[in-house]
Every structure is written in C-alpha cells, then in structure tokens.
Amino acid sequence: MYRIVAKRELAPKIKLFEVSAPDIAVKANPGQFVILRVCETGERIPLNLANSSTRKGTITFVFNEVGKTTEQLGMLNQGDRILNVAGPLGNPSEIRRFGTVLCVGGGAMTAPLFFEGSALRKAGNKIITVIGARIKDLLIFEKEMKEVSDEFYVATDDGSKGYKGLDFLRDILSKRKIDRAIAMGPVVMLKTVSEMTKSFGIKTVVTLMPIMVDGMGMCGACRVSVAGETKFACVDGPEFDGHQVDFDQLIKRQRMYLPEERLSALFHERVGGIKHRKSED
Ligand SMILES: Cc1cc2nc3c(=O)[nH]c(=O)nc-3n(C[C@H](O)[C@H](O)[C@H](O)COP(=O)(O)OP(=O)(O)OC[C@H]3O[C@@H](n4cnc5c(N)ncnc54)[C@H](O)[C@@H]3O)c2cc1C
Ligand code: FES
C-alpha cells in the first residue's frame, strides 16, 4: 500500500512525493534508494531517498521527469498508490565527524543531498554546500540546504543565478581546509567535481546512477568500473570514491538504451497514461 500522502511540484518537471511505506521508513538511511514500479506493465526505476520518517511511516523522494516512467509517476496525485516500492536498497552513506564536508548537488539530486547533508551536520561536521542547476528555475531545496549549511553557494549553467558553472569551486577548494566532499547529480557534474578535488587530495564520494534492473546484485545491469575493478552499484554502492570511477564508461553505459527510451517515450505520449490507483481501489 504505497499511498502518496503528499505531492509537491518543486520546479518544472521536478516533483516530490511523500509515500506511506512504514516498513521501508523504519530501515531507511541517507545514501540508500528504492526501486519502484508504477503499474503492472511498468519498468522498475531507482530513486534515492530524500527523507524518511519513522513517526509518520513515510519516505520521500524527488524525481525529474526525463522519460516514460518518471512521467507516468508524475501523473499520480496525492491519494493515488504506487504498485511496488522495494527498499531500502544500497549501502547507507558513511555518517561521522569528518571535520569540514563539501556537499555538491545538481538538479533533483539536491534532495537526497539534503538527507545526507543534514545527517552529516548532526554528526558535528561543518557543511559547505554548492547546489546547481541548468537554469535558476530548476534549482530545488535551496532553503532546506541553506538551513543545514555553514556556507552556501548557488551555481547555474547559464549564470541566471549565483555563479556561472562550477569553476568558482577551485577558489573554495584552495582557500578552505576541506576534509571530505560528497557529490550527487548528473554524471558530468560528478566527473568535474572529482577532477577538481583530486588535485587538492580531498576524498570525494560520488553517488552513481547507472541503469538498474533488479537492484539486488543479480542482473549485472548496474556494473561500473572503480579502481579498475567491476562493481555493482546497487550492492557495492551507489556511493563510490570519485577519484577511482571510470566516468567515461559510465556515461556510455547510461546512454546505451537511448533509441529504445525515445521510442518508449513517444509511444507513451501517443497512446496515453496509466490507470491511477486510488487508495479505495
Ligand atoms: C541509485 C539511483 C538513484 C537514483 N535517484 C534518482 C533520484 O533521486 N531522482 C531522479 O530524478 N532520478 C534518480 N535516478 C535516475 C532515475 O532512475 C532515472 O531518471 C529513471 O530511471 C528514468 O526512467 P524513465 O523511464 O523516466 O526515462 P528513460 O527515458 O527510460 O531514461 C532516461 C535516462 O534515465 C536513465 N535510466 C533509465 N532507466 C533507468 C533505470 N532503470 N535505472 C537507472 N537509470 C535509468 C538512463 O540514463 C536513461 O538514458 C537514480 C538512478 C539510480 C541508479
Ligand atoms: S541492478 Fe542488477 S546487479 Fe545491480
């Protein structure tokens, strides 16, 4: 019974769902994800946890509508039900006192960054945050991230708010003593941040998002290369040392079903949506 108890549109095509899932909420930690299926004929898609409440028995995730399944999900409303939600999956983030932690988040992944950033703040770390998006209208969780940060910066690709691009980060890295960096967002952003922090010798943990199917280490779809070894992001990750990841291979693998995904989105657009599952169904 994965009932949507709250739905919020945070930005164009970026939605937040709070879903009733007491069994998952009780075990959920920052860094973990769920795999859900919207309807009987739907594919399984992974989404990171952006929050959980054992008191309310809910989990929260934020997603960007990028294709067929995320668009189907976005069509559901408060009171509707999601067919299956499996989780929590993946390994929890390492939360302890490191000192000063740089948190970099891009797009919808700023929401799970908030879950991890809040836990790191509670553990006694000083938090320096950079959140980014393509344009200012796509920035999310600005207020929330500011509240858990000691220093807070915004960057956009077009410079419509805050810094233009991430080049300014080099300045922060050279002026501050940073003990650890975490980054969540598009793979190109993870690669850029990891390359920058590497020259300053700052341990950097990135959340990888390869294509996943079972989320349990059996299908091999999510394999990534880390320090020259094959790892399965679902069971070995999804967080890895950013200085050891083969990002170019990951970028290629993320795009390997692009023609099928385009076809599927087109078919979905022409043929229409799904039957909504109301809680009383
Ligand atoms: C561990 C993990 C956590 C994630 N957390 C979030 C999150 O919190 N918020 C968010 O917006 N997105 C998140 N994603 C990405 C999200 O799963 C994809 O955007 C989604 O699966 C796209 O499906 P689609 O049918 O809408 O689009 P499609 O058109 O099918 O795909 C668009 C692109 O999404 C990626 N993708 C497609 N299917 C999958 C799949 N089964 N597994 C992983 N990636 C896929 C591919 O790169 C593809 O090119 C996460 C991915 C992983 C692996
Ligand atoms: S998703 Fe199947 S092994 Fe990771």
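The values are calculated or read from the model by the stated rules, or taken from the named source; none is laboratory data. Here the structure is a predicted model, which is why all the values come from computation and not from measurement. Glycine also receives a Cβ, built like all others from the backbone with ideal geometry; neighbour counts cover every protein chain displayed. Remember, those area values only see protein heavy atoms, side chains included, never the ligands or the DNA or RNA. Shrake-Rupley method; radii C 1.70, N 1.55, O 1.52, S 1.80 Å.
Can you tell which of Ala133, Ala181 is within 16 Å of ligand 1 (Cβ to nearest atom) and among the small types (Gly, Ala, Ser)?
Selected residue: Ala133, the only one of Ala133, Ala181 that is within 16 Å of ligand 1 (Cβ to nearest atom) and among the small types (Gly, Ala, Ser).
Please verify whether Glu261 is within 11 Å of ligand 1 (Cβ to nearest atom), under 17 Å from Gly106 (Cα atoms) and among the acidic types (Asp, Glu), treating the condition exactly as stated.
Criteria not met by Glu261.
Can you name the number of the only condition in (1) among the acidic types (Asp, Glu); (2) farther than 27 Å from Arg97 by Cβ; (3) surrounded by 15 or more Cβ atoms within 10 Å (Cβ to Cβ) that Glu142 fails?
Among (1) among the acidic types (Asp, Glu); (2) farther than 27 Å from Arg97 by Cβ; (3) surrounded by 15 or more Cβ atoms within 10 Å (Cβ to Cβ), the lone unmet condition for Glu142 is (2).
Tell me, please, whether a residue that is within 18 Å of the chain's Cα centre (by Cα) and without any contact (Cβ under 8 Å) to a residue 40 or more places away in the chain can be found in the stretch 109-116.
No, that holds for no residue.
Please find, within the stretch 232-269, the residue that is modelled with the lowest pLDDT out of those that are among the β-branched types (Val, Ile, Thr) and assigned to a helix (DSSP H, G or I).
Here the residue is Ile251.
Restricting attention to the stretch 80-99, which residues are open to solvent by 20 Å² or more (accessible area, probe 1.4 Å) and polar (S, T, N, Q)?
Correct list: Asn84, Asn91.
Restricting to the stretch 2-24, name every residue that is part of a strand (DSSP E or B), farther than 17 Å from Ala108 by Cα and open to solvent by 70 Å² or more (accessible area, probe 1.4 Å).
Selection gives Arg3 alone.
What pairs come up if the first residue lies in the stretch 211-239 and is on the phi > 0 side of the Ramachandran plot, the second is assigned to a loop (DSSP other than H, G, I, E, B) and within 6 Å of ligand 2 (Cβ to nearest atom), and their beta carbons are under 8 Å apart, counting only those six or more places apart or on different chains?
From residues that are on the phi > 0 side of the Ramachandran plot, the pairs are Gly215/Cys222.
Going by the conditions given, is Leu113 out of contact with any helix residue (DSSP H, G or I) (no Cβ under 9 Å at 6 or more places or on another chain) and modelled with pLDDT of 95 or more?
Spelling it out, it is not the case that Leu113 is out of contact with any helix residue (DSSP H, G or I) (no Cβ under 9 Å at 6 or more places or on another chain) and modelled with pLDDT of 95 or more.
Restricting to strands (runs of 3 or more DSSP E) lying wholly in the stretch 29-74: which have 2 or more residues that are touching a residue at least 12 places away in the same chain (Cβ under 8 Å) and buried (at least 23 other Cβ atoms within 10 Å of the Cβ)?
The qualifying strands (runs of 3 or more DSSP E) are 33-37, 44-48, 58-64.
Please find, within the stretch 186-231, the residue that is nearest to Phe33 (Cα to Cα) out of those that are of a type in the set (D, E, K, R) and within 16 Å of ligand 2 (Cβ to nearest atom).
Once the filter is applied, the top-ranked residue is Asp214.
For the subset of the stretch 37-69 comprising residues that are modelled with pLDDT under 95 and polar (S, T, N, Q), which member is nearest to Leu113 (Cα to Cα)?
So, considering only residues that are modelled with pLDDT under 95 and polar (S, T, N, Q), the one nearest to Leu113 (Cα to Cα) is Thr69.
For the stretch 119-131, which positions are under 21 Å from Leu47 (Cα atoms) and open to solvent by 20 Å² or more (accessible area, probe 1.4 Å)?
Ala119
Given the criterion open to solvent by 50 Å² or more (accessible area, probe 1.4 Å), touching a residue at least 40 places away in the same chain (Cβ under 8 Å) and over 24 Å from Phe247 (Cβ atoms), identify the matching residue among Lys136, Lys177, Lys161.
None of the others qualify; the one that does is Lys177.
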